[in-house]
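Trainee: A single structure is presented below for examination.
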Amino acid sequence: MPINEEMVVSYVSALRKVILKENGGETGRLRLNRLGLNINKEGDKMFRIVLGDITKETVDAIVNAANTSLLGGGGVDGAIHRAAGPELLAECRTIHGCKTGQAKITKGYRLPAKYVIHTPGPIWNGGTRDEERLLRNCYENCLRLAAENDCQSVAFPSISTGVYRFPLNRAAEIAIRTIEEYLSTHAEIEQVSMICFDGTTLSAYQNALSEWEANHV
Ligand code: APR
């Protein structure tokens, strides 16, 4: 039977799980790299950075750059609520908000994604109010919550870089580092996507990933 791409991808991810399970941490990541199973190469489809609309993503969970009320808003929050339908807001009303940097999960309703993971990012105040740590917490807590709910594919927007005015390049560096470090020590999530809504955001995340890869070969 001819080997197709689907089979190769599932073989690579199974092999990656075994290696990370046996080694984990930085050792596991280095072994994956040495074996050419680097987890963020486009070919392995482990970490993709694309231009798009997150409400169209057919993944297990999409992340919503929400506010602490979790009752909807503009930007990607508004787009996700519009696409999911009124049931999303109804469920959000039952979970009584979320602290900045934390994450809460709901169903996806009319979205192609099974779940929505809501996380309020930090509002940029010149870097004087722990914004960098809070942004890192957003990515880490979303990945952890996705894994707890058996999600194998997760799509993020660029958290806090719109209305919340977090400097884009710095936010991209924090996002890439946090996602890469999480993926290198946890095998359960097979694919993470960064869905960029415009070209400037796309370049910022692509540059941040190239920078990361250059320093972590
Ligand atoms: N798909 C992917 N990304 C999107 C989409 C979409 N459909 N719509 C907007 N974005 C992008 C923006 O272009 C930006 O790059 O999401 C990123 C985050 O911008 P915001 O949505 O403004 O989120 P944020 O900066 O975290 O501010 C959150 O804005 O909408 C309100 O209720 C929300 O109060 C909260 C605040």
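Trainee: Going by the conditions given, is Gly126 away from the ligand (no atom under 13 Å from the Cβ), more than 17 Å from the chain's Cα centre (by Cα), open to solvent by 50 Å² or more (accessible area, probe 1.4 Å) and of a type outside the set (D, E, K, R)?
Mentor: yes
Trainee: Here is a check on your reading of the model: is Leu135 open to solvent by less than 30 Å² (accessible area, probe 1.4 Å) and modelled with pLDDT under 95?
Mentor: The answer is no for Leu135.
Trainee: OK, next. Quick test for you: out of Asn215, Asn207, pick the one residue that is out of contact with any Lys or Arg (no Cβ under 8 Å at 6 or more places or on another chain), open to solvent by 10 Å² or more (accessible area, probe 1.4 Å), under 25 Å from Arg144 (Cβ atoms) and more than 13 Å from the ligand (Cβ to nearest atom).
Mentor: Of Asn215, Asn207, the one residue that is out of contact with any Lys or Arg (no Cβ under 8 Å at 6 or more places or on another chain), open to solvent by 10 Å² or more (accessible area, probe 1.4 Å), under 25 Å from Arg144 (Cβ atoms) and more than 13 Å from the ligand (Cβ to nearest atom) is Asn215.
Trainee: Which pairs have Cβ atoms under 6 Å, sit 6 or more apart or on different chains, and link a residue in the stretch 108-126 that is of a type in the set (Lys, Arg) to one that is surrounded by fewer than 17 Cβ atoms within 10 Å (Cβ to Cβ)?
Mentor: Arg110/Gly85
Trainee: Identify, by number, the condition in (1) acidic (Asp, Glu); (2) surrounded by fewer than 18 Cβ atoms within 10 Å (Cβ to Cβ); (3) more than 8 Å from the ligand (Cβ to nearest atom) that Asp53 doesn't meet.
Mentor: It fails just one condition, (3).
Trainee: Taking the stretch 121-152 only, how many residues are small (Gly, Ala, Ser) and not in a helix (DSSP H, G or I)?
Mentor: Summing the residues that are small (Gly, Ala, Ser) and not in a helix (DSSP H, G or I) in the stretch 121-152 gives 3.
Trainee: I'd like to verify a number: residues in the stretch 180-204 that are of a type in the set (Val, Ile, Thr), open to solvent by less than 50 Å² (accessible area, probe 1.4 Å) and away from the ligand (no atom under 16 Å from the Cβ), how many?
Mentor: Result for the stretch 180-204: 1.
Trainee: Let me ask another. How about the stretch 71-84: which of its residues are touching a strand residue (DSSP E or B) at 6+ places or on another chain (Cβ under 8 Å) and within 14 Å of Lys107 (Cβ to Cβ)?
Mentor: Ile80, Ala84
Trainee: Now for a separate question. Going by the conditions given, is Ser10 at pLDDT below 95 and either open to solvent by 20 Å² or more (accessible area, probe 1.4 Å) or part of a strand (DSSP E or B) (or both)?
Mentor: The answer is yes for Ser10.
Trainee: In addition: When the stretch 153-173 is examined, which residues are found to be more than 10 Å from the ligand (Cβ to nearest atom) and either surrounded by 22 or more Cβ atoms within 10 Å (Cβ to Cβ) or of a type in the set (Phe, Trp, Tyr) (or both)?
Mentor: Answer for the stretch 153-173, where residues must be more than 10 Å from the ligand (Cβ to nearest atom) and either surrounded by 22 or more Cβ atoms within 10 Å (Cβ to Cβ) or of a type in the set (Phe, Trp, Tyr) (or both): Val154, Ala172.
Trainee: Take the conditions in contact with a strand residue (DSSP E or B) (Cβ under 9 Å, 6 or more places away or on another chain) and more than 15 Å from Asn67 (Cα to Cα) and apply them to Lys99. Does it pass?
Mentor: Considered against the rule, which asks whether it is in contact with a strand residue (DSSP E or B) (Cβ under 9 Å, 6 or more places away or on another chain) and more than 15 Å from Asn67 (Cα to Cα), Lys99 comes out as no.
The values are calculated or read from the model by the stated rules, or taken from the named source; none is laboratory data. None of these values were measured; they are calculated from a predicted model. Heads up, the Cβs are rebuilt from the backbone with ideal geometry, glycines too, and the neighbour counts pull from every protein chain shown. Accessible surface areas use protein heavy atoms only, side chains included; no ligands, DNA or RNA. Shrake-Rupley method; radii C 1.70, N 1.55, O 1.52, S 1.80 Å.
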